[in-house]
Structure formats: C-alpha cells, structure tokens
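Have a look at the structure below, then the notes.
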Amino acid sequence: MNIGIAGPIEMASLREFFPGINKEYLKLGIGGTAVNLLIIGLLNEGHTVTVFTLDPNVKIKLCIKGIGIKVIFGHFRKSVRLKTVDFCSNEFMQIKNFIIEEKENLDIVNAHWSYEFAIGTILSKVPHIITFRDDAFTILKLMKQPYRFTRLCMDFWVRRKALAFSYNSKYLQHLIKLPGVVIPNPVKKSEHLTDTESEGNTSNFNVFFMSNGWSFRKNPETAIFAFASLRKENPNIHLFLIGVDFEKNGAGYHWTKKKVGLDRIHFIGPVPHKKVLEMLQTCKLMLHTSREESFGNNLIEAMVRGIPVIGGEKAGAVPWVLDNGKAGILVDIEKVSEVAAAMQKILSSETLYLEYSERGIMNVAKRFSLEVVTKQYIEAFVVQINNQKTNESFTFI
C-alpha cells in the first residue's frame, strides 16, 4: 500500500531509512514517538510511506526522500497566541495542500491527534482514518487555557467531519463514544533489555518519573513526596525526574528544594527519545503518578525492559495499559502514603519485583509489540480503503 501519515515525527528516529542524510535534517521534528514507530513498522512490512509533518525551523516546504519513505515538512508556528486566534489554520492548510499534491500516490492517510493534522487530512478529501491520542475536553478541564479551548473546537469539528476513527486505548474510546477500532501505541522488540545491558545497571535503586510538563494533570508532587518519605530508610534509592519543566534550577527544582530537599533527587530535564531509552537501562522502577493519561508510552517502554511500574488506578488509560493491575501496581495517586507503600513493596521483595517484571514483558509482547500493532493498522486501512474509495458507505471502522 501507499500510506500517508500526517502527524508529528522525529527524523532522528527514522535515520535508518535515510542513508547519507544531511545531519541538520536529523534535528527536525516535534516528537511523536508512537507515530515514528508506526512508520517504522509499515516500512518493515514493505509498504511505501509519505509523511506530512511540521517543524518550527522549516520556513518553506521541505521534501526529504529515503528508502520507501518521503517526508514533507511545513512550518509550525511557535506562537500559541496566533494559533489560538486562527485555530492553527496556517498549519492545517499546509497539511491539506501537501496531501492534495501527493493525492495520486496515496491509498489512504492516517492522521494522528484530532487537531491540525486531522483537519488538513479531512479537507484534502482522501480516504482517511483519524487516530485519537487524547480527549480535548478532558485536557481543557485539567488545563483551563484559551489555547485548549481552541483545540477543543478543532477536535469537535474533526469528530463531525471525519470518515473513520481509531483510538490508542479503550479509555479514549469510552470517553469519545464514536465508532472506531482500538489500536494501542507500539514498542519495538529491539528495545528489550539484554543480559549485557542489565549487567551495566548500577547498585543504586533508580526510580524514574517521566513527564512533559509540571502540571496538575501530571502530578509530580505525589511522586516527589512519596520518594522523600522512603529516602531515609533506603539509602540506595534515587529519583530521576525527566522531561520538560524538570530542568535543574527550574521552578520545579526550587519547589522541590524548598519542600523536601534535593538529596538523591536528580532533575534531568528534556532529553531526546533515544537518550531516554539508553537511560532506562539503569532504571529499576517507573513511577507514574499522572492523574490522567490517554495512553502512557513510558509505561510500555518500561515494561518491555522488565521494569516494574506503579500507576494510578483511576488515571485514564493507565489501568488498561497495565492489564488492570496484572502487569503493574495500581494505587490511589492522591495518597502519598499509598504510593510510598507500593514503592516499598517493590524495594523489599525480590520475588514481587521479578513477578511484575515478567508480567510486564508478557503484557507488552502480547498487546503492544510493533508487529502486532502494525498488523492492526494495516487491517484497519484495508477496511477503510474499500469503504471510502468504492463510495458504498462512508462508514466508521
């Protein structure tokens, strides 16, 4: 198939398909871990992929060709104020025009998130599937900002106009309540931790908290307080805070210093995804105290390495990803004492640690491997190509 993907990507994650690429191009992209992996999965299956994406450093249309793949970049404005006022029209019109230009070379386009990439795809009038990766209404409730209201309006338009949908979790499917198939985020088999890598781990018990943003929704405070309560009795435990807003000397850093002190708390800040995967080789426990997640990539990236996970029992898709507590420990993340108790259980029992480690690996292999997820997407694409191109019924999946 000739498949279009509209969404944020990271060129560095796709470099294997671009031999001899200009190193400056590898710096392009605005994220999209799950999208990058899907592209890799489709290419590995022999499909041709055209990517429609954006980057703030690209001022005019840029086309980069690789093996079986072509990536077309447009300009992504940094100004949230402008995008709030015009509903990201500059962004979605670029995506629309790029797709129309490639229309004869496409069987279907899969757009990710229900915003500018989805609107541009729908306006291009090609067979498509829109993949929901969050719920705009839930995010607005947690982050009451004008920009989030704009995003909600965009999302509402997409829900009314799109021909087919998919969701990355049952939680999102339940929230949005439109017909669509659930296809989770994937993780690469090659990311499994090897014995050699395991031996490289330090004797410290390193706990990771990974989040892009310090907010009410992400709830880092509970993780920090829970860690601090265990610090004295467990001299080898360390907490690593990774992501945007977790820089050294940032606001979160000074808040933590004032509240609990900085002993064995490491503020790492944002790092490239490839570096995150390398850092996970030293992680012994993934602490996930977010109040709401539509999926949670760091959960599967931990489980695939045999790293036990602690997550919220009511935190959106987290219970579903953790197989309702079979593949990870579910707790009330509003209670610091409960989070700390779960951490202490993992710290104190090698048997329990190995049990959750093995269950996590099995959970990923069965439900989230790149091969399994790619196959589900391909099946969904075939259904919609038949439905939409024959014009028999513009039905949802």
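Of the residues Phe240, Phe225, Phe209, Phe295, which single one is assigned to a loop (DSSP other than H, G, I, E, B) and in the same structural domain as Ala317 (by TED's automatic domain parsing)?
One residue alone meets the criteria, Phe295.
Given (1) surrounded by 17 or more Cβ atoms within 10 Å (Cβ to Cβ); (2) in contact with a helix residue (DSSP H, G or I) (Cβ under 9 Å, 6 or more places away or on another chain); (3) touching a residue at least 24 places away in the same chain (Cβ under 8 Å), identify the lone condition not met by Ala136.
Unmet for Ala136, out of (1) surrounded by 17 or more Cβ atoms within 10 Å (Cβ to Cβ); (2) in contact with a helix residue (DSSP H, G or I) (Cβ under 9 Å, 6 or more places away or on another chain); (3) touching a residue at least 24 places away in the same chain (Cβ under 8 Å): (3).
Sort out which residues of region 179-206 are at pLDDT 85 or above, outside any strand (DSSP E or B) and more than 22 Å from Trp320 (Cβ to Cβ), and write them in order of number.
Of everything in region 179-206, just one residue is at pLDDT 85 or above, outside any strand (DSSP E or B) and more than 22 Å from Trp320 (Cβ to Cβ), namely Asn204.
Select, from Met286, Met279, Met303, the only residue that is closer than 23 Å to Leu37 by Cα, touching a strand residue (DSSP E or B) at 6+ places or on another chain (Cβ under 8 Å) and surrounded by fewer than 20 Cβ atoms within 10 Å (Cβ to Cβ).
Met279
Which residues, counting only those in region 71-125, are touching a helix residue (DSSP H, G or I) at 6+ places or on another chain (Cβ under 6 Å), of a type in the set (Ser, Thr, Tyr) and either surrounded by fewer than 21 Cβ atoms within 10 Å (Cβ to Cβ) or touching a residue at least 60 places away in the same chain (Cβ under 8 Å) (or both)?
Thr84, the sole residue that qualifies.
Report, by residue number, each residue of region 228-237 that is outside any loop (DSSP other than H, G, I, E, B) and either among the charged types (D, E, K, R) or surrounded by 22 or more Cβ atoms within 10 Å (Cβ to Cβ) (or both).
Arg231
The values are calculated or read from the model by the stated rules, or taken from the named source; none is laboratory data. Predicted model only: the values in this text are computed from it and were never measured. Cβ atoms come from the backbone with ideal geometry, glycine included; neighbour counts cover every protein chain shown.
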